[in-house]
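Derivation of every value follows stated rules applied to the coordinates shown; laboratory data play no part. Everything quoted here is computed from the prediction, not taken from an experiment. Using ideal geometry, Cβ is built from the backbone for each residue, glycine included, and neighbour counts are taken over all protein chains shown.
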Amino acid sequence: ARQAEANTVLDLTAPLPTAVPPGTELKISGTQNKLGFELSGLDRKLPFRVPEWPNIAAGPDVINAFRARSLDLAGNAGIPPIQAYGFQLPAKIVAVRLNPKPIYRFATAPGTAIQSVNDFRGKKIAFSVGQAQGVVVLRALKAAGIANNEVTLVPLNSPQFLTALQSRQVDVAPLGSTDVFKYLRQYEKDGARRIDTDVVDLLSILWAPEAVLRDAGKVAAIRAYIPLWAQVGVWQWEHPDAWIDEYYVKSQGISRQQGEEIVRDANKPNYPADWTAAIAWEQETIDLLVQQGFTKPFAAGSLFDRRFEGLAAPAVAAEYRGSPR
Amino acid sequence: MAADVGQLTTAVEVRDLVRRFGERTVLDHLDLTIPAGQFVALLGRSGSGKSTLLRALAGLDHRADGSGDLRVPHQVSVAFQDARLLPWLRVLDNVILGLDDERRGREALAEVGLAGRERAWPGQLSGGEAQRAALARSLVWEPQLLLADEPFGALDALTRIRMHDLLRELCARHRPAVLLVTHDVDEAVLLADRVLVLTDGRVGVDLAIELDAPRSHGDPRFITYRERLLRALGVHPDGGTRARP
Amino acid sequence: MAADVGQLTTAVEVRDLVRRFGERTVLDHLDLTIPAGQFVALLGRSGSGKSTLLRALAGLDHRADGSGDLRVPHQVSVAFQDARLLPWLRVLDNVILGLDDERRGREALAEVGLAGRERAWPGQLSGGEAQRAALARSLVWEPQLLLADEPFGALDALTRIRMHDLLRELCARHRPAVLLVTHDVDEAVLLADRVLVLTDGRVGVDLAIELDAPRSHGDPRFITYRERLLRALGVHPDGGTRARP
Amino acid sequence: MTQVISRPVATPAAPPLTPAHGRLRRLGPGRAIPGGRLAGPLLIVAAWSAASAAGVLDDRILPAPWTIWHTTTDLISSGRLQDNLLTSLQRAGLGFTFGLTAGLVLALISGLSRTGEALVDGPVQLKRSIPSLGLIPLMILWLGIGEGFKVVIIALGVAIPIYINTHVSLIGIDRRYVELAEVLRLSRTRFLRSVVFPAALPGFLTGLRLAVTGSWLSLVVIEQINATSGIGYMMYQAQNYGQSDIIIVGLIVYGVFGLASDALVRMIGKRVLSWQQTLGS
Amino acid sequence: MTQVISRPVATPAAPPLTPAHGRLRRLGPGRAIPGGRLAGPLLIVAAWSAASAAGVLDDRILPAPWTIWHTTTDLISSGRLQDNLLTSLQRAGLGFTFGLTAGLVLALISGLSRTGEALVDGPVQLKRSIPSLGLIPLMILWLGIGEGFKVVIIALGVAIPIYINTHVSLIGIDRRYVELAEVLRLSRTRFLRSVVFPAALPGFLTGLRLAVTGSWLSLVVIEQINATSGIGYMMYQAQNYGQSDIIIVGLIVYGVFGLASDALVRMIGKRVLSWQQTLGS
Ligand SMILES: Nc1ncnc2c1ncn2[C@@H]1O[C@H](COP(=O)(O)OP(=O)(O)OP(=O)(O)O)[C@@H](O)[C@H]1O
Ligand SMILES: Nc1ncnc2c1ncn2[C@@H]1O[C@H](COP(=O)(O)OP(=O)(O)OP(=O)(O)O)[C@@H](O)[C@H]1O
Ligand SMILES: [Mg+2]
Ligand SMILES: [Mg+2]
């Protein structure tokens, strides 16, 4: 890491260098990522060394790791970069993948009569501040034309959502696909329901702190990494069986059946050649958070480093470059 | 009421008492009967088992290894060899612990010469003062049996004489049976109706002291008693300094 | 080497010693000089300040309120009024604490009659045994000044005589200055070169005992000394039981 | 002096005299420095200020003390700090009271009877070795997510150190004092009041010191669940919106309250243990 | 007996005699029930089984013991449990060792010198009143997100109870023993070894008991950050996939290790404190 620091300092607007200097290292988050590269064999194409793949996922942890220079590049949803902005950690989004199919579904507590989002009025909804699930709730209410004060937002952490439903402490909670299926298998007979919305958590992004983006060697490495990252995503989509066996069953210790459910519910890779929609989406998220009164308004565009915009899409087949939504 | 000697009953009955610590038998089939109202002094070498016997009589040796049959009255007072004042209670509170009669406590403290020290902490007392406070604690109870383990060990000559008087008065008033451990043979002869010497885990000498009050050190019978007891304790009683048993 | 009386120097010098506890002045401008090698017995009423003086000489009263100038030799041994054995060290380890001479420790324990108890815990000793262990601890050091606070209080007559002999032998061998607190006037006259009585915070009586060895209780001079001291302590020395000061 | 002649062997030692008080090396720590305990924290603040002023400390990582001061006054003038503090104080206070009672009662049951020990001690040890994270779901199922649940979680955290320290002191009471109580035929309540409680008091107070801060610490976790105010809630929100200065204000509030409550318990301890003659007193 | 006549007033009391050992009410807790401490946990397991078998306990909320047993054997036969346990044990062990050392050294510094107390005690109190949540960002910043950071967080959690309990015992040492050490002119090291350590040992052991389980508890938080194995990681993962049975296996592992390590410390305590004559011994 120290050696990389000695590399050429790069302006944030300078054209992306292409040559990766020998000895360049990049610390990239995620065991999932690592496994994808290894299984697809694409790791052999990486023109730099990855000394470690820190297993950090949660936004605050990634931000801390960025600060500590323990991490150069991370994959997250759209919210952590907004939080980093608040923490005065300058960082930029360097790659975008869209998830046009909803990741989160609403589940209702056993015995409630809720049929659709329109029935949310006057109900207790699990709400995790500053997490993707929280934004999903806000968006769904907005889409249904329900004001925030027409419902009771129960502040909870996402790990407690399931428990809160089981104990009927909330009427509705947004659950990820794994939780939804498991929950319904157990509680559908008691009258629990799943309510699909078209509210999505659109963005999966790669992002890096500005300090990393000023390092010419690392920038070149990231530039080389993004196309491969896109290809790994495609590889996973195209090899579901291998992926389920190696990742979900062997590495994560869940059953094959559960792995299949997750994969079946996953989004098809979608790397937009144009980030305009993504930026607009991020701006909407910012505005929703501003509306709650905690973040100062700012332009989402400042979070994106558009020099990297054209890298992912050309690296994959046309069907994976689909337009947003 | 006048004393009726014929009415005397028993205050302590010990049959076949055995107490062991590990391999050492400290009390070895000891028998002892003390009539009610009798004042018994217990002598014995250091480590001979005097405290062990007292603890057994007090019912305190739950954990000890041994056997035997012990009978004592209901109301027993114990003055331990160590003063054993609770360090977190003021002197007065220590004295009236479990009795809660403040007036009686103050009286008792005054009797042992500690008037004015009621509110001192035990840690602020001198050795002799602590011993007297502990004595006061055992006396406030007006017991039927008083077990006192060297209650005067840390007292100077004058204070000791005063405590003797105090004990005598108490005996005159309530007629408890007393078992007093002491190392001072003169004290034993001076105070007791009967003196025991503990040897080899049994009562080796059992001597009734038949002297009239007030007793005097100069009395030839006193000196005879004294010499007999000293000899039983292994000391050549001529007052020489190099007695070898 | 033969004793050279002219060479005697000072072992203890106390000038103007004041010690107070709260409002009570326990030592009140006390002066005291003890020549090297002298055996001094200290008598005094319970609570008169004997232990306070010894603690001051030992340099232990950091917190006490008072003033004065105290000078003592470098090597001082202290036998506390309570045995003060560390409960977590076995008897032998207590005796050789800070000296680490096991042979010497065993010897000293044998000298005080505790051979075979080296590995006992202090909590398993009888009162007199603990006191003897503490005595052994103060003797292993061959001090220039021995401060002993009632070291024989819990000992029976015979054991006491043996400890007297032991102390005498030690004195003959190493000639330490000794300041021995005792309540036993006979013991004081028997052992000491000089007897002090502490009264009202000062040395009230300072009596040189000029008796030849072996000293005997029967010696008329012995009896004279004894009577003087008892009177100084407020006891009528005829051996009567009801002395009133 | 004639008797000297009768002593046979050595000459008396002729030692050079030293002042008695200087002869011994003091092994105890000496007198307490008044207010000395504040020296450490003040030094830390001083170092922090210096590093901020010198620019050594990145303001984005740890804002300067004056920035924090500013944020604090803002939070106070908007009333946010006080409101949150009040809620937290109520929660902590309630949980603390219950936890204290439960810990004490359990320690007494377990310390004074063997049956009690058999029944109580194991489950308490079990509870304390299970992370509260693992208990939260069960607690939610049983108690819901309201105040009751929060107070119980705080109380559980408080009860543990109280229990352990009190229980250990109880079974550590000098047997001699128990014997004394037996021969004085103290009633069981009297025995508890005059012997057991005072003897176990130092240990209990240590447990109390661990417990008071413990009650505060639980808030961080608890106030993430269905809370709309409280110091923990304030910090959690600040974390989610990247307001690092508010987080630090929260931490300082924790620090101040921790030090203050600890000092309070110590002060109480000094008073009620005034009989103790110890190294530190 | 002639001397009786010389006594003036009362007749001797003629008391009915009682056996000496029956006269006193035992105030101590009596002998320890062997293995009694296990009674409580066993009762809990029994109740759990009964409730599950009777269908009172909703299997979706708390799976039956046999389900858990099944999951456990699965986890063991796949090697997952052992692997995770080993990692956690190493982390906890390392953190425990450092925390123990740090807590002890700090307690000694602060317990034996007033300057040390002024400098050390305040910051330690500060540290312990600040939630680790607040410290994690700073720790990551200074130490990175590798093992170092994890071990330090565990160590900090361990050091606190060790420090508090040891420090309190240190300043609570009976002054009489310090005086003894002074007149024996013990060297400082000897004083520490023969007086301070043994006297502070009971308190230290209590701290140790709180610390051993403390080291385990930290793992739950720590192993969520950049860990790929460990019991905490296993539970975190299980949570992400809604595998409540694995979470419960994790909790049981915590419970078993907590009870076992506590029992170990107690056993050591019994041995090294064999000189004690206390209520509980
Ligand atoms: N708990 C114990 N464990 C082992 N030995 C013990 C224990 N208590 C007493 N002893 C031993 O039993 C013997 C008798 O003890 P006891 O206290 O009865 O003696 P004593 O006659 O009172 O002596 P003293 O006059 O010195 O007080 C002593 O040798 C003592 O060492
Ligand atoms: N720490 C203290 N605080 C208050 N008063 C004290 C303290 N220590 C001793 N005293 C008082 O000072 C007086 C002298 O005590 P000291 O221990 O010197 O007496 P002593 O002559 O040794 O008596 P004894 O023969 O009973 O041992 C006593 O009245 C005692 O109560
Ligand atoms: Mg005895
Ligand atoms: Mg004294």
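Brief remarks follow.
- Choice from B:Arg231, B:Arg55, B:Arg175 with maximal GNM fluctuation in chain B (Cα, 10 Å cutoff): B:Arg231
- Semi-axis lengths, largest first, of the ellipsoid equivalent to chain A are 35, 23, 17 Å, with √(5λ) applied to each eigenvalue of the Cα gyration tensor.
- Simple rule: put +1 on each Lys or Arg Cβ and -1 on each Asp or Glu Cβ in the protein assembly as shown, find the dipole, and look at E:Val249, D:Ala200, E:Tyr236; the Cα lying farthest toward the positive end is D:Ala200.
- Of all DSSP-defined beta bridges confined to the protein assembly as shown, some 60% are antiparallel rather than parallel.
- Counting Lys and Arg as +1 and Asp and Glu as -1 over every other residue whose Cβ lies under 15 Å from the Cβ of D:Thr73, the net charge comes to -1.
- Taking the square roots of 5 times each eigenvalue of the Cα gyration tensor of region C:91-137, largest first, gives ellipsoid semi-axes of 15, 10, 9 Å.
- Average projection area in nm² (convex hull over Cα atoms of chain D, one quarter of hull surface): 26.9
- Taking the C-alpha atoms only, the angle from helix A:177-187 to the longest principal axis of chain A is near 20 degrees.
- Annotation: amide H-H contacts under 5 Å for C:Ala79 (H modelled 1.01 Å from N, sequence separation of 5 or more, or interchain): C:Leu147, C:Ala148, C:Asp149.
- Cross-linked pairs A:Lys101/A:Lys268; A:Lys45/A:Lys218; A:Lys34/A:Lys182; B:Lys50/C:Lys50: Cα-Cα separations exceed 19 Å for A:Lys34/A:Lys182; B:Lys50/C:Lys50.
- Pairwise label distance in nanometres, C:Arg24 with A:Ala144, each label 7 Å out on the Cα-Cβ vector: 8.3
- Calculated label separations, B:Ala172, copies of the chain, 7 Å along the beta-carbon direction, nm: 4.9
- Relative contact order %, region E:64-272, counting alpha carbon pairs below 8 Å whose residues are six or more apart: 28
- By the helix-only formula, in which each DSSP H run with n ≥ 4 contributes -39500 (n - 2.57) and the sum is divided by residues, chain D has a 222 nm mean residue ellipticity of -22500 deg cm²/dmol.
- Residue order, fewest to most surrounding Cβ atoms within 10 angstrom, among E:Arg91, B:Arg132, D:Arg175: D:Arg175, E:Arg91, B:Arg132
- Considering only beta bridges that DSSP places wholly inside chain A, some 70 percent are antiparallel.
- The order of E:Glu117, C:Glu169, C:Glu13, going from fewest to most other C-beta atoms within 10 Å of their C-beta, is C:Glu169, C:Glu13, E:Glu117.
- Distance between region D:146-197 and region B:117-147 - C-alpha centres, whole angstrom: 28
- In this label model, C:Glu102 and A:Lys250 are separated by 6.2 nm, measuring between points 7 Å along each Cα→Cβ vector.
- Descending by average beta-carbon neighbour count within 10 Å, the peptides B:104-111, C:33-40, A:14-21 line up as C:33-40, B:104-111, A:14-21, the highest first.
- Region B:60-99 versus region E:29-66: alpha-carbon centroid distance in Å: 43
- Label-point spacing for B:Ala115 across the identical copies (point 7 Å from Cα in the Cβ direction), in nm and ascending order: 5.4.
- Residues C:Leu230, E:Leu264, arranged from fewest to most other Cβ atoms within 10 angstrom of their Cβ, appear as E:Leu264, C:Leu230.
- Cα-centre dipole for region E:116-257 with unit charges at Cβ (Lys and Arg positive, Asp and Glu negative), debye to 20: 460
- Computed magnitude of the charge dipole of the protein assembly as shown (debye, nearest 20; Cβ of K, R +1, Cβ of D, E -1): 700
- Lysines with Cα under 18 Å of D:Lys127, excluding same-chain neighbours fewer than 8 positions away: D:Lys150
- Spatial separation of Cα centroids for region D:203-281 and region C:155-234, in angstrom: 63
- Partner shielding of E:237-246 amounts to 6, given as the average count of beta-carbon atoms from other chains within 10 Å of each residue beta-carbon.
- Positive dipole terminus of region C:86-245, leading residue within C:Leu158, C:Ala192, C:Leu179 (C-beta point charges): C:Leu158
- Net +/- balance of residues flanking B:Asp16 in space, Cβ distance below 12 Å, scoring K and R +1, D and E -1: -1
- Note on E:Leu43 and C:Thr224: the model spin-label points, each 7 Å out from Cα along the C-beta direction, lie 8.1 nm apart.
- For q = 0.09, 0.10, 0.17 Å⁻¹, Debye-computed log10 I/I(0) when each Cα of chain C counts as one equal scatterer: -0.40, -0.49, -1.37
- Calculated FRET efficiency for the pair C:Asp65/D:Leu264, C-beta based, R₀ 30 Å, to 0.05: 0.50
- Bins of 20 Å, starting at 0 and running to the largest distance - Cα pair percent for the protein assembly as shown: 9, 31, 26, 17, 13, 4, 0
- Between the amide H of A:Asp215 and those of A:Leu10, distances stay under 5 Å, these residues lying 5 or more places away or on another chain, with hydrogens modeled in the peptide plane.
- Computed about the Cα centre, the dipole magnitude for chain A is approximately 220 debye when only Lys and Arg (+1) and Asp and Glu (-1) carry charge, each at its Cβ.
- In this entry, region C:134-245 is assigned a mean projected area of 7.8 nm², taken as a quarter of its C-alpha convex hull surface.
- For the axis carrying chain C to chain B: nearest C-beta residue of C, whole Å: C:Gly153, 2
- Cβ-Cβ FRET estimate between D:Arg80 and E:Ser187, R0 fixed at 45 Å, reported to 0.05: 0.20
- Net charge of Cβ neighbours under 13 Å - reference C:Arg221; Lys, Arg +1; Asp, Glu -1: -1
- Across the identical copies, the 7 Å label point of C:Arg221, projected outward along Cα→Cβ, sits 3.7 nm from its counterparts, in ascending order.
- Peptide D:166-176 - average C-beta neighbours from other chains (10 Å radius): 6
- Helix runs (DSSP H) in chain E reaching 30 Å along axis by Cα, Kyte-Doolittle at least -0.5: E:80-112, E:147-171, E:197-222, E:244-272
- Helical contribution to [θ] at 222 nm, DSSP H n ≥ 4, -39,500 (n - 2.57), averaged over chain A, rounded to 500: -10500 deg cm²/dmol
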